[in-house]
Amino acid sequence: MNKGKYYITTAIAYTSGKPHIGNSYEIVLADSIARFKRKDGYDVFFQTGTDEHGQKIELKAKEAGVTPKVFVDHVAGQIREICDNLDTSYDKFIRTTDEAHERQVQKIFKRLYDQGDIYKGSYEGLYCTPCESFWTQSQLVDGKCPDCGREVKPAKEEAYFFKMSKYADRLIAHIESHPEFIQPVSRKNEMMNNFLKPGLQDLCVSRTSFTWGIPVDFDDKHVVYVWLDALSNYITGIGYDAEGNSTEQYQKLWPADLHLIGKDIIRFHTIYWPIFLMALGEPLPKQIFGHPWLLQGDGKMSKSKGNVIYAEDLIQFFGVDAVRYFVLHEMPFENDGVITWDLMVERLNSDLANTLGNLVNRTISMSNKYFGGVMTDGGTGVDEGAQDVDDELRHTAVSTYERVAKRMNELRVADAITEIFTLFKRCNKYIDETMPWALAKDETKKARLQTVLYNLAEGILIGASLLEPFMPKTAVKIAEQFHTSLRPFDTLQKFGLYPSGTKVAETPEILFARQDLKEVMERVEAMIVERKKEAGAQNGVETGNPAQKDDIAAQAEAAGNGAGGLPEQDIDIEAKPEITYEDFAKLQFQVGEILACEEVPKSKKLLCSKVKIGSEVKQIVSGIKQHYTAQEMVGKKVMVLVNLKPATLAGVVSEGMLLCAEDADGKLALVSPEKPMPSGAEIC
C-alpha cells in the first residue's frame, strides 16, 4: 500500500575536513528513518550531501597548497565514502559546487533582491572565521564567539542584507500554530525565547573579503554568503526553479517531511530557512528535528591526541551493523549520547552476540539436531500451561510492529530498537520456559518440540523484518539462515506465515563474535600511537625536536606553572568549625569527566556540564563562566561532589558540584587528579 511521498534530508556536511563518528551519526539516523518509511509503504526520497563554499575552506585549501575546488573534491569524496561504508540508502548526494545548484542560488538571490527583500549596505562587526558569522560586542561571551568560543576579529565590508524582521511575526505565528514544526520542544522554546521574540536583525547574505563562493551575478565583487547558499540545497536538489519552472519532482516532493539536523545549527534551519522560503512564496518544511550530539566519553576528540574516532575505525573493529546499532541505540531522544570503546564492546557482547546472535544460533542448531533442520508447526501439544506460554510469545511478536511504528513516528529511534530487542529477549525467555532439550528426551512430546522451534523461528523472523531499517545486512543474514525472505511490514501482525516444512541452514552463521575488551583496547592504543605520529609528521614535529621543546617550555612559562612563572602567593582563609570523620564520610567525591558543556541562557556566570561519573552521566551547573569557556571545559577530569541534593539554578537542574580552588583575586581553577584516573574513581 502506498502511503504517499516522504522527503527526508540531512544537513549537508561542511567540507573543511573529514568528519568523525559524531558527525557521521546523523546520516545513519536519517537512513534508518528513510528505510523504515520505505518498508512502511511510503515513496521515500532521501537527500544528503556536502556544503563546499566559504572563507574557512578557502583558507584550508591555501594551507594545503591546492585550489579550493581540488580541496573540496577530496573531502566530499571522503564524506560520500563514509556514507557508503555505513550502508546508507540516500537517493541523492548533492554538492553545493554542482552547476545546477549554483545557477539556482544565483536566481534565488536575484529574485529576492528584485522584490526588495535583499538590499545593499555595509557591515562592521566582530567576525568568527570558523562559524563564518558576524557578531556585535554585546553578543560575545567572554570576548569570544558565542557559538564556538573561538577568537573573533574586527571586520568591515560592503555586503547585501536580507530583511529578516519583515517575516518574523509571520514565522512566530507559524511556529505557534504548528507545534510539531520544531522538535524536540526544548529547541522550539530556545528559538522563540532567545531569538525570535527579542527581535531579529537583518542578515548578511553576501561577502567581498573572499572569493570562494557562488558569485552574485549582477555584482561580481560579491559571493553569496554560506547560509543562503547551503540551505537552498533542500529545494535545488529536487528541481526548484526561482523563475517558476520547477520540475515535477519538486512539485511532488516539496515541502520536505523532515529536515534532520544537529542541534548546533537549529537556528539557521528554524529561523533563516523558513524566512527565505516565505520570501520565495514556498511552503515550509513539515518538521525540523534538532538531534543531540554523539560525544566521545573518554575525552574530547583531537587529531593531535590521535583519539579521533572515524566511522571506518569502528567498522574495522566491529562491523557495519554493530556500529549502526550502537550509534542509533545509544543516542537519547533529547540529551547527548556517549560513545566509548568499552561501551561498544559491552553492547556487542551483550545485545548483539548474546541476545540476538545466540538466539538465532541456538534455534537453528536445535532444529538441525532434533529434526534434521526441518521447521514444522506440530500443533500446541498437551503440556500444561503450554497454551499460555505460546500465546504470550505470539502476542509479543504480533504487537511489536505497532509499538515500533509509534516510536518511529515520534522519531524516538533508540526506543524503537529497544522494542525489537524486547521481542528477541522474549524469544530467549521462551526457550527457558519450554526447555526444548528436555522435550527432546520424550518421544511423545515430539510435536510439542516442533511447535516450540517453529514459534521461535516465527518470532525471530518478525523481529528481523523490523530490524532491517536499522541493521539491514544482519536482518537479511537471519532470514537467509531460515531459508526465507524478510517480510513486508503489513504482514507482521500475523503469526504463522513461515512455511511449515522449511529446511534451515545446515550450519548457523555466527552473526556477532564476542570480543575481549583488553584485546580491543590494545589495538586502540596502537592505533592512537600511530595517529599521533602521523599528526606530528604533518605538523613538522618529531620526537626530540628542540624547537618543539622550546615551544613547550614557552607555553609552560606563559602558564606560570613553575617553568619561570611568577611565584604563587600563600593564602590564609577563615577556618570553619571542626567536623568529625563521620561528617566527612557522608560526602561522596569521585573523578568525573566533562563530556559536553554549554552556557546557561541569560546567565553571566553559569555553565552547564554533562559529567560522566563511572557509567552515569550527571548534569552539573557551575558558576565558572568568567574563568572557563564552555569549549575549554570539555574533556577535563574534575573532582565532583556526587551526593549533593539536586538544585535548580537559573531554571536548570544541577545534580552535583564541581570543586574549584580560589585565589586571593577570586580566580577559580578546577580541581583535577594529579595523575590519569578513570571516570568514577573514588576520592578519599
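Checking the structure you have, find out if any residue of segment 477-493 is outside any helix (DSSP H, G or I), among the hydroxyl-bearing types (S, T, Y) and modelled with pLDDT of 95 or more. Scanning segment 477-493, I find at least one residue that is outside any helix (DSSP H, G or I), among the hydroxyl-bearing types (S, T, Y) and modelled with pLDDT of 95 or more, so the answer is yes.
Name the residues in segment 177-194 that are in a helix (DSSP H, G or I) and either modelled with pLDDT of 95 or more or more than 22 Å from L258 (Cβ to Cβ) (or both), would you? Within segment 177-194, S177, N193, N194 qualify. Evaluated against (1) touching a residue at least 24 places away in the same chain (Cβ under 8 Å); (2) under 22 Å from V28 (Cα atoms); (3) in a helix (DSSP H, G or I); (4) of a type in the set (G, A, S), G77 falls short on exactly one condition, (1).
Considering only strands (runs of 3 or more DSSP E) fully contained in segment 264-347, which possess at least 1 residues that are modelled with pLDDT of 95 or more and under 27 Å from D415 (Cβ atoms)? Write out each step before concluding.
Numbers: elements: 288-291, 294-296, 337-339.
Because the criterion is at least 1 residues that are modelled with pLDDT of 95 or more and under 27 Å from D415 (Cβ atoms), the strands (runs of 3 or more DSSP E) in segment 264-347 that meet it are 288-291.
Within segment 225-249, residues that are under 26 Å from E158 (Cβ atoms) sit with their Cβ atoms under 6 Å from residues that are outside any helix (DSSP H, G or I) and among the small types (G, A, S), at 6+ positions apart or across chains, in these pairs: Y225/S206; V226/G54. Test E63 against the stated conditions and say whether it is touching a helix residue (DSSP H, G or I) at 6+ places or on another chain (Cβ under 8 Å), surrounded by fewer than 21 Cβ atoms within 10 Å (Cβ to Cβ) and in a helix (DSSP H, G or I). Taking the combined requirement at face value, the residue does not satisfy it. Scan segment 464-506 residue by residue and report those that are farther than 15 Å from C427 by Cβ, of a type in the set (S, T, Y) and surrounded by 17 or more Cβ atoms within 10 Å (Cβ to Cβ). Within segment 464-506, T474, T484 meet the criteria. Residues that are in contact with a Phe, Trp or Tyr (Cβ under 6 Å, 6 or more places away or on another chain) and either of a type outside the set (A, V, I, L, M, F, W, C) or surrounded by fewer than 15 Cβ atoms within 10 Å (Cβ to Cβ) (or both) within segment 218-264 comprise G239, Y240, S246, Y250, D257, listed in sequence order.
So for segment 353-363 (the condition being within 29 Å of M435 (Cβ to Cβ), assigned by TED's automatic domain parsing to the domain that holds Y430 and over 34 Å from the mean Cα position of the chain (by Cα)), does at least one residue qualify? Break it down stepwise before answering.
Pass one, segment 353-363, residues within 29 Å of M435 (Cβ to Cβ): 353-363.
If we keep only those that are assigned by TED's automatic domain parsing to the domain that holds Y430 as well, we get 353-363.
Restricting the remaining residues to those that are over 34 Å from the mean Cα position of the chain (by Cα) gives 362-363.
So far as segment 353-363 goes, yes, one or more of its residues are within 29 Å of M435 (Cβ to Cβ), assigned by TED's automatic domain parsing to the domain that holds Y430 and over 34 Å from the mean Cα position of the chain (by Cα).
Touching a residue at least 24 places away in the same chain (Cβ under 8 Å), among the basic types (K, R) and either in contact with a Phe, Trp or Tyr (Cβ under 6 Å, 6 or more places away or on another chain) or in the same structural domain as K618 (by TED's automatic domain parsing) (or both) - does that describe any residue in segment 640-663? Looking through segment 640-663, none of the residues is touching a residue at least 24 places away in the same chain (Cβ under 8 Å), among the basic types (K, R) and either in contact with a Phe, Trp or Tyr (Cβ under 6 Å, 6 or more places away or on another chain) or in the same structural domain as K618 (by TED's automatic domain parsing) (or both). Restricting to segment 1-25, name every residue that is more than 23 Å from Q55 (Cα to Cα), part of a loop (DSSP other than H, G, I, E, B) and modelled with pLDDT under 90. Correct list: M1, N2. Give the number of residues within segment 119-149 that are at pLDDT 85 or above, small (G, A, S) and more than 19 Å from D202 (Cβ to Cβ). Result for segment 119-149: 1. Remark: F218 falls outside the filter, which requires a residue to be over 21 Å from K163 (Cβ atoms), more than 29 Å from the chain's Cα centre (by Cα), aromatic (F, W, Y) and part of a loop (DSSP other than H, G, I, E, B).
The values are calculated or read from the model by the stated rules, or taken from the named source; none is laboratory data. Since the model is a prediction, treat every value here as computed from it, not as a measurement. No Cβ is skipped: glycine too gets one built from the backbone with ideal geometry, and neighbour counts run over all protein chains shown.
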